[in-house]
1. How compact and how long is the chain, expressed as Rg and Dmax of its alpha-carbon atoms in Å?
2. Treating the beta-carbon of each Lys and Arg as +1 and of each Asp and Glu as -1, no other charges, what is the dipole magnitude of segment 166-217 about its Cα centre, to the nearest 20 debye?
3. Post the alpha-carbon centroid distance, segment 55-116 to segment 193-231, in whole angstrom.
4. Report ³J(HN,Hα) in whole Hz for each residue of segment 265-277, in order, from the Karplus equation J = 6.51 cos²θ - 1.76 cosθ + 1.60 where θ = phi - 60°; Gly and Pro get x.
5. Ratio of segment 89-225's C-alpha Rg to 2.2 N^0.38 Å, to two decimals?
6. Roughly how many nanometres apart are two label points built 7 Å out from the Cα toward the Cβ at PHE143 and LEU183?
7. Give me the orientation-averaged projected area of the Cα convex hull of segment 150-287, in nm², one decimal.
8. Nearest 20 debye, what's the magnitude of the dipole of segment 59-194 about its Cα centre given +1 on Lys and Arg Cβ and -1 on Asp and Glu Cβ?
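Please treat every number below as a calculation from the coordinates, not as lab data. Because the structure is predicted, anything quoted here is derived from the model rather than measured. All Cβ positions, glycine included, derive from the backbone under ideal geometry; neighbour counts span all protein chains shown.
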Amino acid sequence: MYSQTAISYEKCKETADWLLAQTTLRPLVAVVCGSGLGGLGDSLKDAVAFNYQDIPNFPQSTVHGHAGRLVFGKLKGRPCVCMQGRFHLYEGYPIQKITAPMRIFKLLGVKTVILTNAAGGLNEKYKVGDVMIIKDHINMPGFAGCNPLMGPNDERFGTRFPCMSDAYDRELRQLARHVGDELGFGDFMHEGVYCVLGGPSFETIAECRMLRRLGADAVGMSTVHEAIVARHCGLRVFALSLITNQAVMDYDSEEKANHQEVLQTGKVRSEQLASLVSTMVMSMKHD
Ligand code: GMP
């Protein structure tokens, strides 16, 4: 069953080789743009873009606010590859498929992935429009046996039991705080724990209260699966959440989570996040 759903090493290699044959750019950094954050990909210079449907073995993006393009180009002079649109469990894809781009990035020669997402704020100090550097995650679907590494392990990608206590690179988190301070983001930048759920329904009030008690600062439907697969194949991971809405904790509240608000908030911070990411990319060292 699993071997039918995972994209094999050979297929990932085929895709990577196909992409390498279409462009002379050799990116060391890949960026995944979350809901409403696709603008980052538009700021790439000398860009070459591929629609997901034209890339062999690539899944298709079905969510409004996700363009469905893989863009190669330069961010502040550094070659990068950027996913404008990602894949989510709630789109109905097998979990092994939504994370295949990480393995394709690895085979392209990428060293670091930057994962961005839109998320609901659980921490009471967080406001809409704040940015949270992810320092750790809670993989709720994983508790129920839904992990992207389930199935036979291909050692060519990585080990059977990868460590996750260092999933979110400490140096890159430091760099983000430093760059954020320089850019004047100090007031709205935090570091916290991201919890992933399957979606697509947003959380109930009781669920939000529970997640906060469990130690989660933000909640969303993405990123964690990609981070796990990226770490498994030895990529460095940096991830951030844009707090696009506040989780509803109160039965008297009139607030309701909705995707339009998520997209709208994404637009408001889009340029600032693009500067944060591009400045980080410029300052990154690769061995
Ligand atoms: O608007 C839904 C999209 O944004 C999904 O892809 C989620 O990953 C993310 N998102 C934004 N706000 C929330 C939220 O409050 N809860 C959850 N579960 N996902 C959110």
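1. According to the Cα coordinates of the chain, Rg and Dmax are 17.8, 57 Å.
2. Working: 6 positive and 10 negative charges, 58 e Å.
With Lys and Arg at +1 and Asp and Glu at -1, about 280 debye.
3. About 20 Å separates the Cα centre of segment 55-116 from the one of segment 193-231.
4. Computed from phi, the couplings for segment 265-277 are 5, x, 5, 4, 9, 3, 5, 5, 5, 4, 5, 4, 5 Hz.
5. Details: Rg = 16.0 Å, N = 137, 2.2 N^0.38 = 14.3 Å.
Ratio of Cα Rg to 2.2 N^0.38 Å: 1.12.
6. 3.3
7. Working: hull surface 42.3 nm².
Directional mean of the projected Cα hull area for segment 150-287 stands at 10.6 nm².
8. Values: 17 positive and 13 negative charges, 111 e Å.
Roughly 540 debye for segment 59-194.
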